[in-house]
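First the structure, in the form of structure tokens, and then the observations on it.
The values are calculated or read from the model by the stated rules, or taken from the named source; none is laboratory data. Owing to the predicted nature of the structure, the values given are computational and were not obtained by experimental measurement. Glycine gets a Cβ as well: all are built from the backbone with ideal geometry, and neighbour counts include every protein chain shown.
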Amino acid sequence: MSRHSCTSTIMPLTSAVKVQLQQEHTRLQQERDRLTETVTSQTAATIDQLVQHIDHLLGVPTQIEPTSKAQSAQPKSKPSTAKPSQPAPKSTELAGFDAAKIKPAFQSSKLMNAIVKAIKPKQSKSIDQLLEDLYEPFDTADLKKARMSVAIAANHAVRKGLLQKIQGKPDRFARA
């Protein structure tokens, strides 16, 4: 089979067309490399966040630091036993989402138990309502990650029999 899907005769290319095709070829390769790097770093960051969330659900101290773009292609090594570094000073900008940073009213609880506490008997709440109840405002770029964390914990509570999903509304939960 030929690589070309066209069965007609191919005309010889002029030098100007060849230059344009080479430039387009180079641009597309650079775009592919940039996209690959972006997807790799985003995937690594998402996996790190999920591991942190699972650690939080299990009550295990978080041991993975977020990856940077430079580290994204490298596999994670075992966590060190060194003390964690001091937290960065707070800025006036919205911080990124961190599943472990629940509002003070719920800090003594694991996320799953905090979700159960946030839903009063005979009341149902959506994942977005639970986010508002449990967390301080955060950067909307992290909304997908935040929704995923709360959904995972809420579904864990459903499996434990503490909550139930509302029929026909998969993102709403009520006390069991």
*Can Ile54 be described as aliphatic (A, V, I, L, M) and either at pLDDT 85 or above or surrounded by 12 or more Cβ atoms within 10 Å (Cβ to Cβ) (or both)?*
yes
*asked:* Which numbered condition in (1) at pLDDT 90 or above; (2) surrounded by 17 or more Cβ atoms within 10 Å (Cβ to Cβ); (3) not in a helix (DSSP H, G or I) is the only one that Phe138 fails?
replied: (1)
*Under 9 Å by Cβ, and 6 or more places apart or on different chains, what pairs join a residue from the stretch 22-51 that is outside the structural domain of Ala146 (by TED's automatic domain parsing) and closer than 23 Å to Ala151 by Cβ with one that is in a helix (DSSP H, G or I) and of a type in the set (Gly, Ala, Ser)?*
Gln49/Ser149; Leu50/Ser149
_Conditions (1) in contact with an Asp or Glu (Cβ under 9 Å, 6 or more places away or on another chain); (2) at pLDDT 90 or above; (3) within 20 Å of Gln49 (Cβ to Cβ); number of the one not met by Ala118_ = (3)
*Does Phe173 qualify as being modelled with pLDDT under 85 and surrounded by 15 or more Cβ atoms within 10 Å (Cβ to Cβ)?*
no
*Quick one: is Lys165 at pLDDT 90 or above and surrounded by fewer than 15 Cβ atoms within 10 Å (Cβ to Cβ)?*
no
*Where a residue in the stretch 148-162 is under 19 Å from Ile47 (Cα atoms) and its partner, wherever it lies, is among the hydroxyl-bearing types (Ser, Thr, Tyr) and in a helix (DSSP H, G or I), with Cβ under 9 Å and at least six apart*: Met148/Thr46
